Amino acid sequence: MHAPRLRFAPSPTGYLHIGGVRTALFNWLLARRFGGTFILRIEDTDKSRSTDESIQAILKGLTWLGITPDESPYRQTERLDAYREQVDRLLAEDKAYRCVCTPEELDEKRKIALEKKETPKYDGRCRDRPDVPEAQPFTVRFRSPTDGDTVVKDLIKGEVTFNNSVLDDLVIVRQDGLPTYNFSVVVDDALMGITHVLRGDDHLNNTPRQIHIYKALGFPLPEFGHLPMILGQDKSRLSKRHGATSITAYEDMGYLPEAMINYLVRLGWSHGDQEIFLVQELTEVFALDHAMKSAAVFDPDKLSWVNSQHLQAADPDRIAKLLRPLLVREGIIADETSLNGAWMRKLVVALQTRWRTLVEMAHAAAVYIRTEIEIDEQAKVKFLKPAIKPALESLAITLQTVSPFTHDKIEPVFQQVLEKHELKMGKLAQPVRVALTGGTASPGIYDVMELLGQEKTCERLTKAVGLIPSSEPA
């Protein structure tokens, strides 16, 4: 493939959703794979729905993922002269015409067609009308072919044939002078030299209309590829009821950008049986010959597993940096500078193989940061029994003499207490874990102690001893 030019062209009418991100990702990866150019274009001509807030959300989401454009973002509202020029060409060549049908008239015709169980279609009433005075309100319609077929040679779906008789004369300029989607997208893609148009398959039905406009303007056709939808687990179209669909929500939930990219690329593409990919690796192997034709199902559990794999492999210093603001947000620390950098790195190393997201890791870290903890009642009943009380008490006293309070120094002392009380590791380690963390799952017990530090470790052991009765209840 010779240096393709690709684009992602979202409408700024809401948040950047999962399906849009996958479209942007496929375009960006294809550009990176073949030494091409990736363009971001904001399609903001729908003034009633487009907002600057949505534009910023789109830019923020793409920046977080590292899907950065090679050319500065374009905005359609800054390109109106280009559309007017092409409209004037079509009108001059009688390939388009002014339509004075009112919205009320069109609504009535649509209603009648639906009552007859026919597909609503413009009847061409103004197609051969004499020139309309410019003072009279009008739209501009494209003069579509009325017979024959249009074949879309889709890069993913193969050949798809459309009968031209079902395509009416679409509006290409509204009464307010702004272009409609099907017209502006053709002009933009042509003038920007876009060679490949990859987008969701909800745009497939627009493609024959756009091909006619390309041909009418004398522009070369790009290659088209339409990606299948992403569905929820109930096999309906992915929506808010299936959970978060905004990409920035996944950043807030503690997912890593490289994990999101990894997961989303697999929703519509495969490379053998491989599941985990680094971003750099994807830019070296991605191609459309392994793009999937059928819809993909968004599975939150699979996403969390993919994230856990990337979390485990990530640089601890980077994870520590990402974790700090979450600890503040979750109310675990007061500010990001309140924890020592070396200690934070040890914390991350201890936790990053055990949790699926940064938010889960932040909550797990609270045990090592807060002064007070709550002990799970079931764990307390099961493990903090009178028989273990002497060993816990002995350990609390003996650990006060350990210096420095590190894994290597803690281990022999722990072993001495085991020997003194004739206990196996499991008999003491789990009660100690409950005493120190409040629960039954944690990193290795020596690492837990080192993370807590000598003062907290001894205080929590002593407090646990005080919770244990001297004998079993009668």
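The values are calculated or read from the model by the stated rules, or taken from the named source; none is laboratory data. Quick caveat, the model's predicted, so the values are computed rather than measured. Note: ideal-geometry Cβ built from the backbone for every residue, glycine included; neighbour counts use all protein chains shown. For the accessible areas, the whole protein counts, side chains as well, though only heavy atoms, and no ligand, DNA or RNA atoms are used. Shrake-Rupley method; radii C 1.70, N 1.55, O 1.52, S 1.80 Å.
What to note about this one:
- Within straight-line cross-link reach of Lys235, lysines at Cα separation under 27 Å, skipping those fewer than 8 residues along the same chain: Lys157, Lys293, Lys302
- Of the trypsin sites (Lys or Arg not before Pro) found in the range 151-201, those that fall in a DSSP loop while having at most 15 other beta-carbon atoms within 10 Å are Arg174.
- From most to least packed by mean Cβ count within 10 Å, the peptides 392-405, 349-362 give 349-362, 392-405.
- Relative contact order for the range 1-153, counting Cα pairs under 8 Å that sit 6 or more residues apart, in percent: 20 percent
- Cα gyration tensor shape of the range 366-474, rounded if a/c is under 1.5, else prolate or oblate by comparing a/b with b/c: oblate
- Principal axes of the range 1-157: Cα extent on each, largest first, Å: 52, 37, 37
- Derived scalar couplings between HN and Hα for the range 300-306 equal x, 5, 5, 4, 5, 5, 4 Hz in order, rounded to whole Hz, by the Karplus curve 6.51 cos²θ - 1.76 cosθ + 1.60 (θ = phi - 60°), x for Gly and Pro.
- Taking the alpha carbon gyration tensor of the range 1-79, multiplying each eigenvalue by 5 and rooting it gives semi-axes of 22, 14, 9 Å, largest first.
- Taking only the C-alpha atoms of the chain, Rg followed by Dmax gives 31.6, 106 Å.
- The range 424-440 - phi-based ³J(HN,Hα) in whole Hz, Karplus 6.51/-1.76/1.60, Gly and Pro as x: 8, 3, x, 5, 9, 4, 5, x, 5, 4, 4, 5, 8, 10, x, x, 10
- Cysteines in the chain lacking a second Cys C-beta under 4.7 Å: Cys101, Cys458
- Nearby aspartates and glutamates by direct alpha-carbon distance to Lys95 (threshold 16 angstrom, same-chain neighbours under 8 apart not counted): Glu85, Asp128, Asp131, Asp147, Asp168, Asp169
- Cα long-axis angle, helix 207-217 against the chain (0 to 90 degrees, to the nearest 10): 50 degrees
- The accessible surface of the chain, taken with every protein chain in place and a 1.4 Å probe, is 50 percent carbon and sulfur.
- The range 161-247: C-alpha gyration tensor shape, a/c 1.5 cut-off, then a/b vs b/c: prolate
- The chain - share of DSSP beta bridges that are antiparallel (%, nearest 5): 50 percent
- For the range 454-471, 3J(HN,Hα) computed residue by residue from phi via the Karplus equation (6.51, -1.76, 1.60; θ = phi - 60°) reads 4, 5, 5, 4, 5, 5, 5, 5, 5, 5, 5, 4, x, 7, 8, x, 6, 8 Hz, glycine and proline entered as x.
- Per residue of the chain, the DSSP helices (runs of n ≥ 4 H) give a summed -39500 (n - 2.57) that works out to -14500 deg cm²/dmol at 222 nm.
- Distance between the range 260-329 and the range 85-142 - C-alpha centres, whole angstrom: 48 Å
- Burial order of peptide ranges 32-44, 324-336 (average beta-carbon count within 10 Å, highest first): 32-44, 324-336
- Only Cα pairs under 8 Å and 6+ residues apart enter the sum, and on that basis the relative contact order of the range 314-405 stands at 26 percent.
- Normalised by the number of residues in the chain, the average gap of Cα pairs under 8 Å and 6 or more apart makes the relative contact order 12 percent.
- Hydrodynamic analysis of the range 87-201 uses the Kirkwood radius over alpha carbon pairs. Inserted into Stokes-Einstein at 20 °C and 1.002 mPa s, it gives a translational diffusion coefficient of 133 µm²/s.
- Over all orientations, the range 311-360 has a Cα convex hull whose mean projected area works out to 3.0 square nanometres.
- Kirkwood Rh and Cα Rg combined as Rg/Rh, the range 419-474: 0.99
- Amide hydrogen neighbours beyond the local backbone of Glu223, cut-off 5 Å, H modeled: His196, Val197
- Per residue, the convex hull spanned by the alpha carbons of the range 185-329 comes to 158 Å³.
- For Ile42, distant residues with modelled amide H under 5 Å away: Tyr74, Arg75, Gln76
- Solvent-accessible surface of the chain, taken per residue with a 1.4 Å probe and all protein chains present: 49 Å².
- Within straight-line cross-link reach of Lys456, lysines at Cα separation under 29 Å, skipping those fewer than 8 residues along the same chain: Lys321, Lys346, Lys380, Lys382, Lys385, Lys389, Lys409, Lys420, Lys424, Lys427
- Global geometry of the range 362-416, whether rounded, prolate or oblate, following the gyration tensor of its Cα atoms and the 1.5 cut on a/c: oblate
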